[in-house]
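To start, the structure itself, in structure tokens.
Every number in this text was worked out from the coordinates using simple rules, so none of it is lab data. Please read these numbers as outputs of a predicted model, since none were measured by experiment. Here Cβ is always computed from backbone atoms with ideal geometry, including for glycine, and neighbour counts include all displayed protein chains.
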Amino acid sequence: MNQTKPHTVAYPGPPGSHAAAAAATLFPRETLVPFGGFHAVADAVACADVAHGVLPIESSLAGTVAETHDLLNEHSLSIVAEAVLPIHHVLAASADVPLDEIRIVRSHPTALEQCRGLLKRLPQAVAMPAATTAEAAREAAEVGDPTVAAIAGAGAAALYGLVVLEDDVGDGPAFTRFVSIAPYTWVGARRSEARTAFTFVTDHRPGALHHAIGPFARAGLDLVRIDSRPIPATPWSYRFDAVVAGHPLDTAVRTALAELGEMTRSHRVLGVYEAAEEAR
């Protein structure tokens, strides 16, 4: 059995990623360690190799980060904190070349989604996914071919010695919600700022989802997010991941969750945390 390192926080590296900045925001006095991708971060938290992990979970432009949602379920991890960061992307390469010479653009899939307008202006280029935006920058630097560019943060571009070909290449003002994950559920959040994340699976019948979320509507609770994710072992079946404004020890939230349990095949709280301030 591994012994948890109490002051160590994992984030999907390499250094220079947006997740690294989020980890520094959430844990300014802890030791931050880059891991090789989202799965590696979740594995390290689940195995108690680190105290916490930091992953992106939602983009204001691209929507849900599905991989993080799935890892929370696969590893039975919980959200214990969140931070919302502004995201600014640049297009960078190992040398200054005209945009029409770019043949490959690397980045994380969410960043590629956030920069559709740029990719539309580069029809000759193939978009290739990378584990993180910083990994894309590092790969572009290592290849050394100026026709291979990366969409990344300006910090990552500078860290890996890339030349910025175009600044601010996102489709609009972008923000990403990052979460801190842990192998336990924390209930110390201030009641006035609390958010409760939960997941559930309904029966496959008409009106099942409507009935499942009905208790929250009747209690006057705000479901701030709800997403559906396929269940791999059961084709065409889905689970729902949601967040409600409130604390699970509040009477209204506790009652709604109890009623949800009576109407669904399964349900589980995915975390309790304080809402981050959201810039607009």
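Seen through its C-alpha gyration tensor, with square-root eigenvalues sorted a ≥ b ≥ c, segment 163-280 comes out oblate because a/c lies at 1.5 or above while a/b is not bigger than b/c. Scanning residues 5 or more positions from H52 or on other chains, those with amide H under 5 Å from its amide H are T8, A10, with H placed 1.01 Å from N in the peptide plane. Assuming charge only on the beta carbon of Lys and Arg (+1) and of Asp and Glu (-1), the dipole of segment 7-152 about its Cα centre is about 340 debye to the nearest 20. Dipole orientation for the chain: of the candidates G161, A174, L223, L223 has the Cα lying most toward the positive pole (charges on Cβ; Lys, Arg +1; Asp, Glu -1). Using 17 Å as the cut-off for backbone N distance, which residues of segment 163-183 belong to the label zone defined by a point 7 Å from the Cα of C47 along Cα→Cβ? Label zone hits: 182-183.
Under the classification rounded if a/c is under 1.5, otherwise prolate if a/b is larger than b/c and oblate if not, where does segment 73-232 fall, given a ≥ b ≥ c as square roots of the Cα gyration tensor eigenvalues? It comes out prolate by the Cα gyration axes. Rounded to the nearest 20, the Cβ-based charge dipole of segment 90-172 about its Cα centre (Lys and Arg +1, Asp and Glu -1) stands at 200 debye.
The relative contact order of the chain, computed from alpha carbon pairs under 8 Å that lie at least 6 residues apart in sequence, is 22 percent. Subtracting the Cα-Cα distance of F175 and L249 from their residue separation scaled by 0.36 nm leaves 23.6 nm.
What does the charge add up to near C115, with Lys and Arg as +1, Asp and Glu as -1, over the other residues with Cβ less than 13 Å from its Cβ?
-1
Extension gain, H88 to S237, is 50.0 nm, computed as 0.36 nm per intervening residue step minus the present C-alpha separation.
A crude spin-label estimate for the pair K120 and V269, with each label 7 Å from Cα along the Cβ direction, gives 4.4 nm.
Between R103 and S228, what FRET efficiency comes out of the Förster formula 1/(1 + (r/R0)^6) with R0 = 35 Å and r the beta carbon distance, rounded to 0.05? With a Förster radius of 35 Å, E is 0.45. Ordering A134, L91, T8 by the projection of their Cα atoms onto the charge dipole of the chain, which places +1 on the Cβ of Lys and Arg and -1 on the Cβ of Asp and Glu, puts T8 at the extreme positive end.
If you stretched the chain out fully between D203 and S76, how much longer would it get, using 0.36 nm times the residue separation minus the C-alpha to C-alpha distance?
Roughly 43.6 nm would be gained on extension.
Amide H contacts under 5 Å for E82: S180, E274, restricted to partners 5 or more places along the chain or on a different chain, H placed in the peptide plane at 1.01 Å from N. Give the calculated FRET efficiency between D145 and H39 to the nearest 0.05, with a Förster radius of 22 Å applied to their Cβ-Cβ distance. Plugging the Cβ-Cβ distance into 1/(1 + (r/R0)^6) gives 0.20. Would you please classify the overall shape of segment 90-172 from the alpha carbon gyration tensor, given that a ≥ b ≥ c denote the square roots of the eigenvalues, rounded means a/c under 1.5, and beyond that prolate means a/b larger than b/c while oblate covers the rest? Verdict is rounded for segment 90-172.
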